[in-house]
Amino acid sequence: MAARPYWKGQIRLALVSIPVEVYSATKSGAAIAFNQIHEPSGQRIKYEKVVPGIGPIDVDEIVKGFEYAKGEYVLLDEAEIEGVKLESKKTLELTQFVDAHDIDMIYFEKPYYVVPADDLAEEAFIVLREALRRSRKIGLGQLAMRGREYVVSIKACGRGLVMETLRYADEVHKAASYFRDIADDEPDEELLDLATTLIDKKTGKFDASEFHDRYVDALKELIERKKKGRTLNIETEAAGGDPRGSNVVDLMAALKSSLGSSAKGAPKAASKPVAKAPAKAGTKKPPAKTSGKAPAKPSTRKRA
């Protein structure tokens with residue numbers, strides 16, 4: 001494996017120790033980073049560390065400070081901070097097991113792939129993996145890495161394991177403070193059935209490759225055009241995008257229309273209900289099929 005392990009050690013379950021290697025499961029290569037450039041000279045802008053009233057200062061004169069009150073700091077040097085850092089342990093002891101659905105997704109932070117360190121560790125590794133899979137449990141433990149201690153979870157993933165760092169309780173805002181003003185009402189049963197049916201129609205298997213960061217794609221295209229000396233004319237869509245604008249839409253009608261547009265049968269099936277709606281609203285114009293497009297205009301003006 002070409003990648004370098006993020007951590008090497010052993011997973012311990014009671015008296016069983018399994019040598020493993022841990023690799024970062026994610027990457028940030030898709031993001032585009034910009035530098036600040038002085039346009040007249042084309043030179044990259046650099047920053048000097050300055051003190052108000054003193055000016056530029058030497059890096060050796062800088063220490064870290066914690067602001068405990070407005071303008072009041074406790075000063076700490078690197079040696080003091082290093083003395084507090086935890087020594088990276090080479091053992092992750094699984095001390096608890098929970099059902100997979102017991103941990104709210106908001107606590108999961110960053111995933112890592114876990115693989116056996118060598119052939120001798122493979123048998124015990126596979127036993128742990130399959131035991132977790134069969135029991136549908138997640139193993140929990142605490143692990144010190146790079147000076148910090150993390151709560152981590154271990155679960156089966158394909159032929160291997162995934163370790164995820166978890167946020168501590170005090171790192172997560174309580175949901176109640178944000179959701180308390182939302183009414184605790186039961187929804188209309190018919191509306192609920194329509195929404196459930198719409199979800200069922202759009203349900204499928206997750207495939208991450210089907211989703212792309214369109215903003216990053218557009219930035220890359222812009223950069224390529226600029227490199228070739230061409231300009232990019234970005235045409236904005238008609239104001240409002242959605243013909244309904246910001247008007248409040250009848251929820252029942254919107255759900256029914258959504259079901260019609262999501263049904264198998266191409267776009268024509270979705271356009272028929274829209275064309276018929278104005279005809280019903282009219283007094284004596286249903287037979288005039290030649291004005292199929294004309295009624296659509298008044299309905300748009302009414303919604304606007």
Output the number of the condition that residue 182 fails; it satisfies all remaining conditions of (1) assigned to a strand (DSSP E or B); (2) exposed (fewer than 10 other Cβ atoms within 10 Å of the Cβ); (3) aliphatic (A, V, I, L, M).
(1)
So which of 125, 97 ends up being of a type in the set (Phe, Trp, Tyr), outside any strand (DSSP E or B) and surrounded by 11 or more Cβ atoms within 10 Å (Cβ to Cβ)?
125
If I ask for residues that are under 20 Å from residue 109 (Cβ atoms) and assigned to a strand (DSSP E or B), which ones from segment 22-40 would you list?
22, 23, 24
List, please: which pairs have Cβ atoms under 9 Å, are six or more places apart or on different chains, and start with a residue in segment 64-78 that is without any contact (Cβ under 8 Å) to a residue 12 or more places away in the chain and end with one that is outside any loop (DSSP other than H, G, I, E, B) and of a type in the set (Gly, Ala, Ser)?
73/65; 74/65
Can you name the condition, by its number, that residue 170 falls short on among (1) touching a residue at least 40 places away in the same chain (Cβ under 8 Å); (2) charged (D, E, K, R); (3) under 30 Å from residue 85 (Cα atoms)?
(1)
Which of (1) under 26 Å from residue 258 (Cα atoms); (2) part of a helix (DSSP H, G or I); (3) not aromatic (Phe, Trp, Tyr) does residue 212 not meet, given it meets every other one?
(2)
Regarding segment 153-173, can at least one residue be identified that is surrounded by 11 or more Cβ atoms within 10 Å (Cβ to Cβ), of a type in the set (A, V, I, L, M, F, W, C) and over 25 Å from the mean Cα position of the chain (by Cα)?
no
Taking residue 241, is it modelled with pLDDT under 60 and part of a loop (DSSP other than H, G, I, E, B)?
yes
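The values are calculated or read from the model by the stated rules, or taken from the named source; none is laboratory data. Source: prediction; values computed, not measured. In this analysis, Cβ positions are derived from the backbone assuming ideal geometry, glycine residues included, and neighbour counts consider all displayed protein chains.
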